[in-house]
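So the structure is just underneath, and the comments pick up after that.
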Amino acid sequence: MNTFTATLAVVAMLVFSTSATPCSDICAAECALSLQACQFSGALGDLCATENTICTKDCDASCFCVDSCAEKCGTAFAACKGDGVDLLKLESCTFNFEACEAQCGTQCEMQAYNDALKAVIPGA
């Protein structure tokens, strides 16, 4: 019965992770799957929770810029393209979306880098 439950959980997580689009949703699903596999094997005992905490924090740090820029630029893209009938406008909006993603991502990553540096080196 445990094998069936574990298999069902793995299938559910795979379905969830393939249908989720934001970085944090996909990453969190991978952490949850890893935690279940760790707990199922029983080899690491209490270290499974520690590994899951590390995985989750890594997801938060890795996905913050991806998700926030996708939301910001995606909203602007949706407003720009309208109903999508005007193909020239759609092409222009797509170009602007890609430029927004690149600029936003770079700014966010540099800010995160600066924040991390200041946390390690006070006064930097």
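Things worth noting here:
- Residue within the range 95-105 that is loosely packed, with under 14 Cβ neighbours inside 10 Å, at pLDDT 90 or above and closer than 23 Å to residue 26 by Cβ present: yes
- Restricting 73, 93, 48, 80 to residues that are free of Cβ contacts under 8 Å to residues at least 24 places away in the same chain and touching a Phe, Trp or Tyr at 6+ places or on another chain (Cβ under 6 Å) narrows the list to 93.
- A count restricted to the range 76-91 and to residues that are in a helix (DSSP H, G or I) and either surrounded by 11 or more Cβ atoms within 10 Å (Cβ to Cβ) or touching an Asp or Glu at 6+ places or on another chain (Cβ under 9 Å) (or both) stands at 8.
- Residue match in the range 54-73 (condition: farther than 30 Å from residue 115 by Cβ, at pLDDT 85 or above and among the β-branched types (Val, Ile, Thr)): no
- Filter pass, residue 37 being assigned to a helix (DSSP H, G or I), over 27 Å from residue 113 (Cα atoms), modelled with pLDDT of 90 or more and of a type outside the set (Asp, Glu): yes
The values are calculated or read from the model by the stated rules, or taken from the named source; none is laboratory data. Everything numeric in this text was worked out from a predicted model, so none of it was measured. Neighbour counts are summed over all protein chains in view; Cβ atoms, including those assigned to glycine, are modelled from backbone coordinates with ideal geometry.
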